[in-house]
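This report refers to the structure that appears directly beneath it.
The values are calculated or read from the model by the stated rules, or taken from the named source; none is laboratory data. Just so it is clear, the structure is predicted and the values come from calculations on it, not from any experiment. Ideal geometry is used to build each Cβ from the backbone, glycine not excepted, and the neighbour counts take in all protein chains shown. Heavy atoms of the whole protein, side chains included, go into the accessibility calculation; ligands, DNA and RNA do not. Shrake-Rupley method; radii C 1.70, N 1.55, O 1.52, S 1.80 Å.
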Amino acid sequence: MKRIFLFLATNIAVMVVLSIVLSLLGVDRFLTSAGLNMPMLMVFSIVVGFTGSIISLLISKPMAKWSTGARTIEAPANSTEFWLLDVVGKLAQRAGIAMPEVAVYDGEPNAFATGAFKNSALVAVSTGLLQGMTKDEVEAVLAHEVSHVANGDMVTMTLIQGVVNTFVVFLSRVVGYAVDRSLSRGDNNSGTGIGYFAAVMVSQIVFGIGASIIVAWFSRHREFRADAGAAKLLGTPQPMINALARLGGVQAESLPQSIAALGINDKPGFMELFSSHPPIEQRIAALRGRAA
């Protein structure tokens, strides 16, 4: 569950850096030299918004490894690692995707999947999950993560993030321009000042955090689909139900935000609106509905 914090945090950081660089290059001055050029601002916002989300997607796998300290299994060192590679390989074959990288990291029970492309993804599980679950339950968790990859959730999330980024960039510059005009009232200078730059940066961060609510909602919706995908891959929803029930009774690790969206469980966040996962009870009820 360390995937969503990293994705969102990385996205906001990339957006801020892009904005600073472009501002230093004079792009903002061009947009506001004769008043706020709305058509050009929209084009600018689309380019910056989607560039930020695409960069976040492309670096998602190395960022996930770095943030969790995940160790990729190159050659199995023990029977557990051999079993992990075998199970993920079979699940990937059933899902119609290439074999993902498989990694293990130290931590409380959790797992995640990430990567820019279906056929070069990463599936990682924690030592706590391996030690605290039966093999059937671990297999269900792995099926859930493989389903995320097969469903293309990372790419779809990137597109949604690109759209919300576009509005964040656009609205932050509208606010920045309004603040700057208010501060420079009576000044004949047609350019923008420090008020514009400061207001844009603050607005972009605030709007970016607010936009993460939309991304979190999408993530919660996709969790149900990944649960259903796991049931399909395994031929029965019961192992996934068992895994979720066990996770509901333990202290599950909270993954970094960029990874959390494709993890298996999530701690209650600062606000429920920012949670990347629906309540476990709802997920179990949905799976039981499929079994009925």
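From the list Ser147, Ser184, Ser172, the lone residue that is of a type in the set (S, T, N, Q), open to solvent by less than 30 Å² (accessible area, probe 1.4 Å) and under 16 Å from Val102 (Cα atoms) is Ser147. Could you name every one of the strands (runs of 3 or more DSSP E) located completely within region 63-142 that has at least 1 residues being free of Cβ contacts under 8 Å to residues at least 24 places away in the same chain? It comes to none. Step by step: first the residues of region 71-112, then only those that are of a type in the set (Ser, Thr, Tyr) and in contact with a strand residue (DSSP E or B) (Cβ under 8 Å, 6 or more places away or on another chain), then the one that is farthest from Thr127 (Cα to Cα). Which residue is that? Checking each candidate, the answer is Thr72.
Of the residues making up region 64-88, those that are open to solvent by 30 Å² or more (accessible area, probe 1.4 Å) and out of contact with any helix residue (DSSP H, G or I) (no Cβ under 8 Å at 6 or more places or on another chain) number 12. Of the residues screened, Thr158 is not one that is at pLDDT below 90 and outside any helix (DSSP H, G or I).
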